[in-house]
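Reviewing the structure listed below.
The values are calculated or read from the model by the stated rules, or taken from the named source; none is laboratory data. Note that the coordinates shown come from a computational prediction; the quantities given were computed from them, not determined experimentally. For neighbour counting, all protein chains shown are included, and Cβ atoms are generated from backbone atoms with ideal geometry for every residue, glycine included.
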């Protein structure tokens with residue numbers, strides 16, 4: 001998993017993502033190694049082998065707080081910005097199954113552009 005700002009900053013800055021926690025039709029929760037400002041826009045990449053598609057979507061950081069289980073890290077909640085209908089269907093099918101098969105889902109954030 002890679003989490004970087006959009007644009008040129010994404011090329012210059014290190015990956016801040018440590019672990020993703022959950023995903024829903026509306027967004028994703030991520031543990032990060034450094035604070036990210038509320039309102040920051042990031043580029044997300046979601047791949048699901050069942051759909052044989054890769055979904056690229058912009059996300060906006062909606063909230064941030066210190067991670068109690070991992071001192072020195074933060075939890076951020078990101079909202080998907082205009083996810084495709086196919087991406088929404090993919091996420092809905094995963095959520096409806098009651099669990100996310102981590103070994104079958106590749107979730108990452110990629111550089112913009």
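Observations, loosely collected:
- Of the numbered criteria (1) surrounded by 13 or more Cβ atoms within 10 Å (Cβ to Cβ); (2) in contact with a strand residue (DSSP E or B) (Cβ under 8 Å, 6 or more places away or on another chain); (3) farther than 15 Å from residue 4 by Cβ, the one residue 22 fails is (1).
- All positions within the stretch 67-81 that are more than 15 Å from residue 20 (Cβ to Cβ) and in contact with a strand residue (DSSP E or B) (Cβ under 7 Å, 6 or more places away or on another chain): 81
- Residue check for residue 54: touching a strand residue (DSSP E or B) at 6+ places or on another chain (Cβ under 8 Å) and at pLDDT 80 or above: no
- Number of the exception - residue 74 against (1) at pLDDT 90 or above; (2) exposed (fewer than 15 other Cβ atoms within 10 Å of the Cβ): (2)
- None of 10, 77, 72, 29 is touching a residue at least 60 places away in the same chain (Cβ under 8 Å) and either more than 23 Å from residue 96 (Cβ to Cβ) or part of a strand (DSSP E or B) (or both) except 10.
- Screening residue 12 against (1) touching a strand residue (DSSP E or B) at 6+ places or on another chain (Cβ under 6 Å); (2) farther than 14 Å from residue 77 by Cα leaves a single unmet condition, (1).
- Among the residues of the stretch 5-50, those that are touching a helix residue (DSSP H, G or I) at 6+ places or on another chain (Cβ under 9 Å) and at pLDDT below 80 comprise 46, 48, 49, 50.
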